Ligand SMILES: [Fe+2]
Ligand SMILES: [Fe+2]
């Protein structure tokens, strides 16, 4: 492995995270949707931690975190351009446009951020001793968050663009509801958004041609399914999705949020949002988990009184 290039990657990553703080500060200013504002506020705090983590990596690698390089200057220039684009959009006074520009700026910035950490993870596997341990620990702390930053913001960007085009957006985006952390999960979330949109368009009144195209497509899909599985014709896409989710053992957003709340309760870290007191009741922990899931867009009916 080219170790000089690895040093350069670490310094570029640090520069990019430093720029990321400024990008998120400006993006939060541009956000109109309150959920998105809150989401980016959280990512801003995480980016600040990423800077500290990379400074620790620099120390472990004997690198001066302020060392300049041409590549680092280029990273800074790109970051400044993103900031300038958001400011120009804000100055027009068109808040919807500014929010879209901010979404695109964050997606561009997070694409590099995601790549940086993915590459650092691969490099760590080629190292040995203390440097390997330090770099691996850093990647473990950050990689999940970088997945969320990129995939969730891409979802927001797509859906807010669709909203601006008047094309039945799904908000918050399915990436939020499914708490997507992988590329395949992001692709599935996009499909879910497309399905929701086509259902909404059908309800809203399609042309006959479009309807018959859709019904031909669905008929051919059902025929293919019957041919390949020999199952009865009653198999629908919805039940197939449920079955595959069940088979894969994937948990719903509500299940994940309740599990998280229960774990925090056991560790004595769960606090009530209203009183701020420590939560010890199992029932209350479940209620908190369900409420968190609802905030993220999960459709859970309220308990009947
Ligand atoms: Fe980051
Ligand atoms: Fe990030």
Do we have residue 48 as farther than 30 Å from residue 174 by Cβ and either within 13 Å of ligand 2 (Cβ to nearest atom) or exposed (fewer than 13 other Cβ atoms within 10 Å of the Cβ) (or both) here? no
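Here's a check for you: in region 98-126, which residue that is free of Cβ contacts under 8 Å to residues at least 12 places away in the same chain and away from ligand 2 (no atom under 16 Å from the Cβ) is farthest from the chain's Cα centre (by Cα)?
Top of the filtered list is 125.
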All-but-one check, residue 245 against (1) over 19 Å from residue 180 (Cα atoms); (2) part of a helix (DSSP H, G or I); (3) modelled with pLDDT under 80, failing number (1)
* Can you confirm whether region 117-130 contains a residue that is part of a helix (DSSP H, G or I), away from ligand 1 (no atom under 16 Å from the Cβ), at pLDDT below 95 and over 14 Å from residue 17 (Cβ atoms)? => yes
Screening 167, 83, 160 for residues that are touching a residue at least 24 places away in the same chain (Cβ under 8 Å) and over 23 Å from residue 42 (Cβ atoms) leaves only 167
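The values are calculated or read from the model by the stated rules, or taken from the named source; none is laboratory data. Small disclaimer: the values here were computed from a predicted structure and weren't measured. Cβ coordinates were reconstructed from backbone atoms using ideal geometry, including for glycine residues, and neighbour counts include every protein chain displayed.
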